[in-house]
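Participant: I am attaching a structure below and will ask some questions about it afterwards.
The values are calculated or read from the model by the stated rules, or taken from the named source; none is laboratory data. Every value quoted in this text rests on a predicted model; they were computed, and no experiment measured them. Note that we place each Cβ from the backbone using ideal geometry, even for glycine, and neighbour counts take in every protein chain shown.
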């Protein structure tokens, strides 16, 4: 495998650590961890990668569940700041308490960008209310089969970008509560699917600079 890493003038290991971490940040977590067998210097380098992408299908094992793999690798990561965390998981295969633990670990690591993609065949997944309280989060994406039930108190004061892609809301108030807690929101992307529980879709955010709405209810 090391032979494959050679380029014309040497090996990739000769590159500066900062550049190596940028390269590793582009790979799925499973591939990042596998680099630990290359040589002694690589044994701990993977733990410093600041961007983690956990694809559900790529993180399966006979010995560990997806939840156990995510938790173990999140706790092993030693990057000074967790810049990005992307989680794909199946509702029904992962317990709500496990998902809450992942979010708690990410928030404790001052995560900047969080993507939560729910894969489901049995219905919507409701995230713990702790998701909506973080002082460092700058970008949040909720994708597919997410049921948004937001309490009255929300604190996402550092959030600049919010993407809500094909999620369901408890009611009108839930959507308003979410936006009211994003006092510095600049970029909002909303993909509207089946809004059975929302009668009035209101967006009132003084700090907003960019708004994108994909309305799949529009017959045109």
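Participant: Filter region 49-90 down to residues that are modelled with pLDDT of 85 or more, out of contact with any strand residue (DSSP E or B) (no Cβ under 9 Å at 6 or more places or on another chain) and either part of a loop (DSSP other than H, G, I, E, B) or surrounded by fewer than 16 Cβ atoms within 10 Å (Cβ to Cβ) (or both), then give me how many there are.
Facilitator: 8
Participant: Looking only at region 116-135, count every residue that is outside any loop (DSSP other than H, G, I, E, B) and farther than 12 Å from residue 94 by Cα and tell me the total.
Facilitator: Total meeting the criteria: 7.
Participant: What number of residues within region 137-170 are in a strand (DSSP E or B) and either closer than 19 Å to residue 105 by Cα or modelled with pLDDT of 95 or more (or both)?
Facilitator: The number of residues fulfilling the criteria is 8.
Participant: Take region 161-180 and flag every residue that is crowded, with 19+ Cβ neighbours inside 10 Å and closer than 21 Å to residue 112 by Cα.
Facilitator: 162, 164, 178, 179
Participant: Please go through (1) in contact with a helix residue (DSSP H, G or I) (Cβ under 6 Å, 6 or more places away or on another chain); (2) under 25 Å from residue 89 (Cα atoms) for residue 205 and return the number of the only condition it doesn't satisfy.
Facilitator: Against the list (1) in contact with a helix residue (DSSP H, G or I) (Cβ under 6 Å, 6 or more places away or on another chain); (2) under 25 Å from residue 89 (Cα atoms), residue 205 comes up short only on (2).
Participant: Residue 158 - would you say it is in contact with a helix residue (DSSP H, G or I) (Cβ under 8 Å, 6 or more places away or on another chain) and either outside the structural domain of residue 31 (by TED's automatic domain parsing) or under 24 Å from residue 172 (Cβ atoms) (or both)?
Facilitator: Spelling it out, it is not the case that residue 158 is in contact with a helix residue (DSSP H, G or I) (Cβ under 8 Å, 6 or more places away or on another chain) and either outside the structural domain of residue 31 (by TED's automatic domain parsing) or under 24 Å from residue 172 (Cβ atoms) (or both).
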